[in-house]
1. State all residues of the stretch B:80-135 that are in contact with a helix residue (DSSP H, G or I) (Cβ under 6 Å, 6 or more places away or on another chain) and part of a loop (DSSP other than H, G, I, E, B); if no residue qualifies, say none.
2. Kindly establish whether residue A:315 is assigned by TED's automatic domain parsing to the domain that holds residue A:256, surrounded by fewer than 24 Cβ atoms within 10 Å (Cβ to Cβ) and either touching a residue at least 24 places away in the same chain (Cβ under 8 Å) or under 25 Å from residue A:69 (Cβ atoms) (or both).
3. Within the stretch B:43-53, track down each residue that is surrounded by fewer than 24 Cβ atoms within 10 Å (Cβ to Cβ) and either within 7 Å of chain A (Cβ to nearest Cβ) or not in a strand (DSSP E or B) (or both).
4. Can you tell me which of (1) touching a Leu at 6+ places or on another chain (Cβ under 9 Å); (2) crowded, with 24+ Cβ neighbours inside 10 Å is the one residue B:7 doesn't meet?
5. Among all residue pairs at least 6 apart or on different chains, which show Cβ distances below 7 Å where the first residue, located in the stretch B:344-368, is under 12 Å from residue B:309 (Cα atoms) and the second is at pLDDT below 95 and acidic (Asp, Glu)?
6. Any residue in the stretch B:375-403 that is closer than 14 Å to residue B:338 by Cβ sitting within a Cβ distance under 6 Å of a residue that is modelled with pLDDT under 95? List the pairs, counting only those 6 or more apart or interchain.
7. In the stretch A:339-377, what residues are over 25 Å from residue A:55 (Cβ atoms) and assigned to a loop (DSSP other than H, G, I, E, B)?
8. Return the total of residues in the stretch A:344-368 being under 18 Å from the mean Cα position of the chain (by Cα) and at positive phi.
Protein chains: 2
Amino acid sequence: MSDVANKIILIVLDGASDRPVGGKTPLAEAGMRNLDRLANGGINGIMDTVGPGIRPGSDTSHLAILGYDPYKYYTGRGPFEAAGVGIDVKGGDIAFRVNFATVENGLVTDRRAGRISDTDQLAGAINEQVKVPGVDIIFKRSTGHRAALVLRGKGLSSAITDTDPKKEGNPIKECHATDDTPEAKHTAEVVNSISSQVLNILDGMPANQERKKQGLPPGNAILIRGAGVVPHIPPFQERYGLKGAVVAAAGLIIGIGKMCGLEYLPTGSMEVESSGSSAKAKMNKALEALETYDFVLVNIKGADEAGHDGNFQKKTQFLSQTDAAFERLGQLKDVLIIVTADHSTPVSIKDHSADPVPILMHGPGVRMDDVAHYNELIAYKGGLHRIIGLDVMPIALDLINKTKKYGA
Amino acid sequence: MSDVANKIILIVLDGASDRPVGGKTPLAEAGMRNLDRLANGGINGIMDTVGPGIRPGSDTSHLAILGYDPYKYYTGRGPFEAAGVGIDVKGGDIAFRVNFATVENGLVTDRRAGRISDTDQLAGAINEQVKVPGVDIIFKRSTGHRAALVLRGKGLSSAITDTDPKKEGNPIKECHATDDTPEAKHTAEVVNSISSQVLNILDGMPANQERKKQGLPPGNAILIRGAGVVPHIPPFQERYGLKGAVVAAAGLIIGIGKMCGLEYLPTGSMEVESSGSSAKAKMNKALEALETYDFVLVNIKGADEAGHDGNFQKKTQFLSQTDAAFERLGQLKDVLIIVTADHSTPVSIKDHSADPVPILMHGPGVRMDDVAHYNELIAYKGGLHRIIGLDVMPIALDLINKTKKYGA
């Protein structure tokens, strides 16, 4: 091992961090043999990705960890999701996240349309048939029941409300302007028009008739939320002098990576995230990428989904299976390895929480501490203490000797 | 020992902090018997002098540790260096750091003129013979190959580039304005005129003829850098109600002390910094000063130089020798003792790094923790946790019961 690393791999175990249930957490229970070895040979700590007590989204937390202050650059989830599914968003576009949902007798009966996954036909119909004068409408499906919507044109605003009723049994919400500008009022009308056009178009589509026959909830409506103006984000390479890549499957993370100037390296299309094999494919791709990139961000998503499902055992199993993907990390030379999570997703609350996440840094020159395991119950004893997400890139850049001296 | 200290001694082991090499650091290896005793009887922690991942200069870090936010008061190294060598700088002056260098056939062949040290004759010639209409030129030698330059007059600006080519084998860089003001353009012209006048004046000087005869590189040029407008810094005594002094040999540190209103107490002239004897002289001076001053800053420089040289053994030896100078500290009554570093200077990178530095506080009323050694591998376990440089003075003032209550 040389004295100073010259590359960085940043592995984000999405939502892996948790609260104790009976004194145990999934990370502590999973037996993360390989990550424990890195923790043991590295420096550890806990991290508030956005700030203490701030419950982060995956978007705001990833921005922060990449060194982009979310309070400056975060303009809603839509822009990032839209870029992630491959829409070539432009500054000033209004972008949204969308769910396919099921509406029966005017009420939303399933906010995810039975976690519908084959939405090609439905998305195609929306793209072709929904029309609003003066506005370009770009619609693209994502994984599962997810999709993205972009409005492009003059006189649009993101100052509008969501149409997602949040709870089943309620009608789709009408979109309202949240300020008094004519742009916001106009955009709310555009969104409401799209909502009702979609209902008319989708319900009778063959794909939905087939689902009904099989007793599955049809994807006959869309819930539109997370309006945001596409921001201007200074490119990663310009900011840090590092050529960076992102390995991820979730559209949101891919979108964040792309908008920050990271090159997206696909590992396969729309893969299933809930098994350890996806992690292995990602890690293989990431280790290969380290030969040509200075910085690789890897996002591994399954633990977050198990957390949202409130399934302790599934989360533990996923993490346990995933650990095998980290076996080769210990052999890396000249690479600063950072392992962390973007937020906690406690199985007890089935949602993100602000509980700090464990973070480890391993590589040449790192001051080893006494922490020998990678989990949120022990990481606080480490030499990093308690940092924030925006500290990660400055600390990492310093460890690979790429910071500029402030003063002399 | 009384219940509350009433004086503070702040000892800065310049650049003493390091990264582990084979699991060891110079501080941990040196066997700091006296500092270990203070650590054992005090409270310990790690400190980001400017901020996590911010690689500090000695100037910005000393400002922060003295409680002056460098983002507010730091205007470039020149002003501090100039004050340090004894130039009576005034608000609005433009000040620079200068190296004596060797130029042969138009190229810089040694950026430090063979670490020339006897520069009295050369500096005198520059002061007397270099002339630019309408501008007062004040030039003063510092230790070794270093010097300071101050321009005083109307219509000057610090928005200009350095002339240091940074690498040998290149010509002296032309100074350029970095903004469009006539002041910046004028100042760049002044600097370029000084550069070329100096070359003409110095090359034939007897001192340089003598060096050439001995096969040494002549100090026949100057590299001008770090332009800064002299800032207004609120005096230490006004800010804290403490009469303060600084004991140091490095011009930069003396300059910072003076500009913050600390009285400079010399221990001898231009002493060699690489042995422990200098530390002993400084500590004797500092302990004597505590009889008449409320606050004494002591800067001990040798470890930083060994770090810049990449010499683990030299750094360890220097620290080991220096520790003897701290023997009498344990006997102090009524004095809050603070020992820290201004930044890490890892031997592995031969430059400053942002790795946090160890800090200990020892004195009446301090909450003792379990840390029994003063080094960067263990300090993180202490009761101070991870603080920043700007926290030092407020914590210290509170421990000597000199803070004002916020609220009632």
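The values are calculated or read from the model by the stated rules, or taken from the named source; none is laboratory data. All figures in this text were calculated on a predicted structure; none of them were measured in a lab. No Cβ is skipped: glycine too gets one built from the backbone with ideal geometry, and neighbour counts run over all protein chains shown.
1. Selection gives B:85, B:89, B:130.
2. So residue A:315 fails the test.
3. Just the residues of the stretch B:43-53 that are surrounded by fewer than 24 Cβ atoms within 10 Å (Cβ to Cβ), to begin with: B:43, B:51-53.
Once the filter is applied, which keeps residues that are surrounded by fewer than 24 Cβ atoms within 10 Å (Cβ to Cβ) and either within 7 Å of chain A (Cβ to nearest Cβ) or not in a strand (DSSP E or B) (or both), the stretch B:43-53 yields B:51, B:52, B:53.
4. (2)
5. Listed by first residue and then by second, the contacts come to B:348/A:3.
6. Going by the 6 Å Cβ cut-off, the qualifying pairs are B:397/B:403.
7. In the first step, residues of the stretch A:339-377 are kept if they are over 25 Å from residue A:55 (Cβ atoms); the result is A:362-373.
If the condition is that a residue be over 25 Å from residue A:55 (Cβ atoms) and assigned to a loop (DSSP other than H, G, I, E, B), then A:363, A:364, A:365, A:366, A:367, A:368, A:369, A:370, A:371, A:372, A:373 are the ones that fit.
8. Summing the residues that are under 18 Å from the mean Cα position of the chain (by Cα) and at positive phi in the stretch A:344-368 gives 1.
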